[in-house]
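The values are calculated or read from the model by the stated rules, or taken from the named source; none is laboratory data. Since this is a predicted model, take the numbers as computed values, not measurements. Note: ideal-geometry Cβ built from the backbone for every residue, glycine included; neighbour counts use all protein chains shown.
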Amino acid sequence: MEKERLVLLAAFIKFLKRKIDFNFNISDFNSRLRLQKYMFIAKFFGLDLGYNFNLYIHGPYSPELANDYYRIGDNLEKYEEHSLDFEKDAFIELIRNKNEEWLEAAATILMVSEDSCKKDIVIKIVQEIKPRFSKKFLDNIIKELEKSKLTILC
């Protein structure tokens with residue numbers, strides 16, 4: 001499974017390159033942050049490679065995912081092409097042109113909403129964790145998530 005997961009992760013990174021021109025760079029913090037958030041959000045669109053995520057400084061973070069992308073490094077070309085089965089179009093539509101702040105907030109909302117599905121509670125918890133995010137900013141992200149057919153609230 002471990003080798004297969006690396007192949008699927010490499011395929012996901014290549015997919016992101018093709019669809020949103022994401023150039024993964026192992027030595028760039030923002031690149032690694034983006035990949036963490038993309039992978040977490042992709043779970044909600046049906047792509048679950050089995051990574052466990054914890055809430056961390058910049059939102060959901062998976063040490064296992066970090067280990068895997070460090071193993072892949074900048075050697076994507078050595079991994080064979082592999083198809084990915086998930087709601088690609090809706091996922092790409094949601095993440096296209098989003099900055100790190102948006103990705104961090106959206107992923108945090110999704111993680112918090114796994115334990116609480118009331119909008120006001122989700123916003124309150126996210127603001128307690130990340131006070132720099134305004135209620136309006138979080139509310140707009142929730143609307144975008146719902147527009148993408150993600151059922152996160154009751």
Q.
If residue 50 meets every condition in (1) within 24 Å of residue 101 (Cα to Cα); (2) modelled with pLDDT of 95 or more apart from one, which number is that one?
A. (1)
Q.
Return the residues of region 32-64 that are at positive phi and assigned to a strand (DSSP E or B); say none if nothing qualifies.
A. 59
Q: Count, please, the residues in region 95-110 that happen to be in contact with a helix residue (DSSP H, G or I) (Cβ under 8 Å, 6 or more places away or on another chain), more than 14 Å from residue 20 (Cβ to Cβ) and either without any contact (Cβ under 8 Å) to a residue 60 or more places away in the chain or not in a helix (DSSP H, G or I) (or both).
A: 3
Q: Can you work out which of the residues in region 62-76 that are in contact with a helix residue (DSSP H, G or I) (Cβ under 6 Å, 6 or more places away or on another chain) and more than 18 Å from residue 41 (Cβ to Cβ) is surrounded by the fewest Cβ atoms within 10 Å (Cβ to Cβ)?
A: 76
Q: Mind telling me which of the residues 53, 91, 86 ends up being in contact with a strand residue (DSSP E or B) (Cβ under 7 Å, 6 or more places away or on another chain) and in contact (Cβ under 8 Å) with a residue 40 or more places away in the chain?
A: 53
